[in-house]
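The values are calculated or read from the model by the stated rules, or taken from the named source; none is laboratory data. Remember, predicted model here, so these are calculated numbers, not experimental data. Here Cβ is always computed from backbone atoms with ideal geometry, including for glycine, and neighbour counts include all displayed protein chains. Remember, those area values only see protein heavy atoms, side chains included, never the ligands or the DNA or RNA. Shrake-Rupley method; radii C 1.70, N 1.55, O 1.52, S 1.80 Å.
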Amino acid sequence: MNEIEQWKKIVLTLPQASFFEITRNYLGELRTPFNKHSLINELVAFLRRPETQERIVLQIDEDDAKLLTALFLLDEPGGERLFSLFAGERSYLEFHNHLLNLEDRLLVYREADPAGFRVRVNPILRSRLAESAVRPELLFPSSPAKGPEPQAPWLSEALVLGFVSYLFERPGMLKSDGRPKKKIEDEMKAIFPGLLGATGHGSRLELLVRSLANLGFARLSGGELFVELERLRGAGRLDPSSLALLVWSAAIDDGEVAGDPEAFEERLAGFERQAQLIGDLLASLDPGRLYPLATLRRVALALAPERRGAEGDGPALPVGFDRLVGGLADLSVIVPSGKAGFRRTPSWPLEAPAAEPGGLVVQPSFSLACRPSLPFEAGLLVASIAEVRRLDVYPLYEITKRSFARALSRGLESGAICEALERSSGSPLPQNVRFSLESWQKEQSGIGLYAGVVLAADEERRILVEHSKAMKPWIRRVLAPGVFLLDPRERPEWEKALARSGLGPMPEVKQAGRPEIMRGTGRGLKTVAKGKRISLAPGGEAAPRAPGSPAQVGRRRDALLRELSSTLESLKLPRELTGELAARIRKKLILFPDQIRNATARQDRVEAKGLDYVGKVRLIEQALASGTDLLEILERSERGTTRKLLVRPEKVAKAGSDLLLHGRSLPEETAVQIKVRKIVLLRKLRSSLFAP
């Protein structure tokens, strides 16, 4: 079934009163006998007429265009999500009435789904509305940016690697409150300029540490912060933009670092979703424009994945949208510019380094300078074998005997290190550097620390292991007679080999020492895909206009209103009908003079106020009987103040000499009880033209 047939089917299932109200408004008084299918076809033909569509478009104002733009950009979302874009700008009652008006004008309709309803654009009008009503600059206002471009975000790949190098030497650098210990604070200021500066949510150092811990790049144990080198190596397969987005996302968080693998995985998935949203947000923003905070929040809401169902799709993000925008400003990913708004960093997306040598400069003084073209994996090797000296235009490191010994203790060898450094630099190492690295390895070879699984076998089983062809490929080192070193990453292979050698089943691996707070997660980080992008710029690809200049469109709209108003005045209709038709003109339900000439008055009453107690009770009873109608209520308090509510009525009960209305206020679904005598004004509203 195509979309137009689906729309016709939905209109056919409207309640009789709603169906005939719509058809009479647009087609005039119905001649009997009539057939509902024929009336639907007449309505479709009416909406397809070019002059009808011209007048529909002519009456679309800025508020209409904003709501229709949201429908197009959000791919016809659920009502709750649609309202979230306008929360703070208008009340739910105002939003509800506006949506009802667009339904009455047949621009949109509602379609039920398991989570409630979705708001869809009338397929007969979709093409014309897309051409004339979609105006992103109204929904996402911005202004031209002036002055120099902002600097790149301070939380960079270079900073992460430099800080990792620093942590290798000083895992106990932090006090319990997260600040650096006094004796190394001056040293940090010299090496990492600006890192101890404040942001809106803690110091830059705190944000950096939070990011590393949340991604599992570092772990807290016994009050010290240790580098998780294997997880960092796994991050080397990510492109620079994905890695930056994940590091930024993990820094924007107010929760505690997860203490067990399951909780860690759950939070990591949240950071990945948040990284995707940040990437989509940056792709949508123009670095040459300033965006107010309200616009950024609205863009983030529009880009975020929609959560449907009673429980949604789990926690969409680790933080709320306002906190997200503030966090991006803390990181200088977006930069405030006075009261005008925020400007996006121009250095986005990050380009992957070219696969060519020259990213590393190795000096005879053992200093290493890392250029921006150095890939993350090569930069991680530098951080692993050298001590960071200063993050400057180029990050500067120095290979020391202590830092090199640290690298050797992790299983690296001087030969492999020298080859990697030469590949990154594109030239042979200085002779004194190569000679020293080889000498340092020889000095350290007399003593060694090994990480892995130790297989200890008694005399009988030792012989079986030593003579097993199946086990030979998996023995990494014989530490002593009957003591063999195995790689835990190869456990499935050596367990099978042990079983084939007649040594299975094996006992559980015993852990030495105290357990860590958290062990490494079982999976690597996900690449952040290139997702959605919203065109926000004025005059962009998605911002056409009604034909003519704004002034010409305004004159044509005024001419249409004069034509309709003069027709109404000339007919000298009864006062009640004249008032109702004037209201229809204001609500843009009248497009042609013939709709006025052929109009009939509504028979039902929808409003009661003042001392009309019986009228208020009757409207409440009608709303309850309908099962779908809502009540707009203006209530007077004991202090004489008033409040306006949109209520879904549930029942009426006796309360002394008065009646008490029980219901739910929308959109919060909060239970309310209202004395009918306290109601100043009561209006009966449809929940929707397309209410079931």
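Note that the stretch 1-129 presents 43 Å² accessible area per residue, ligands and nucleic acids not counted, probe 1.4 Å. Here the convex hull built on the C-alpha positions of the stretch 352-462 has a volume of 131 cubic angstrom per residue.
Dipole size of the stretch 151-284 about its Cα centre, with +1 on Lys/Arg Cβ and -1 on Asp/Glu Cβ: approximately 500 debye, rounded to the nearest 20. At a probe radius of 1.4 angstrom, the accessible area of the stretch 156-274 per residue rounds to 39 square angstrom.
Put simply, the Cα atoms of the chain extend 110, 60, 57 Å along their principal axes, the longest span coming first. Which whole-angstrom value gives the distance between the alpha carbon centres of the stretch 202-225 and the stretch 68-112? One Cα centre to the other: 43 Å. Computed over the stretch 582-643, the quotient of the alpha carbon radius of gyration and 2.2 N^0.38 Å is 1.53. Based on C-alpha pairs under 8 angstrom that are at least 6 apart in sequence, the stretch 175-280 has a relative contact order of 22 percent.
Computed over neighbours whose Cβ is under 9 Å from that of residue 79, the net charge equals +2, Lys and Arg +1, Asp and Glu -1.
Taking each DSSP H run with n ≥ 4 as -39500 (n - 2.57) and averaging over every residue of the chain yields -13000 deg cm²/dmol at 222 nm.
Hydrodynamic analysis of the stretch 18-139 uses the Kirkwood radius over alpha carbon pairs. Inserted into Stokes-Einstein at 25 °C and 0.890 mPa s, it gives a translational diffusion coefficient of 158 µm²/s. In percent, how large is the relative contact order of the chain, given Cα pairs closer than 8 Å and 6 or more residues apart? Contact order relative to length: 16 percent.
Just the protein heavy atoms count here, and of the accessible area of the chain at 1.4 Å, carbon and sulfur take up 53 percent. Just so you know, the Cα atoms of the stretch 544-672 work out to an Rg and Dmax of 20.4, 63 Å.
For the stretch 555-634, averaging the sequence separation of C-alpha pairs within contact (under 8 Å, six or more residues apart) and dividing by the residue count gives a relative contact order of 22 percent. Counting only protein heavy atoms and using a 1.4 Å probe, the accessible area of residue 34 comes to about 90 Å².
Its residues counted as N, the stretch 16-84 yields a C-alpha radius of gyration over 2.2 N^0.38 Å of 1.43. For the stretch 97-249, the average shadow cast by the Cα convex hull is 16.6 nm², which is a quarter of the hull's surface. Computed over neighbours whose Cβ is under 9 Å from that of residue 196, the net charge equals +2, Lys and Arg +1, Asp and Glu -1. Of 75, 629, 177, the order by accessible heavy-atom surface (1.4 Å probe, DNA, RNA and ligands excluded), from most exposed downward, is 75, 177, 629.
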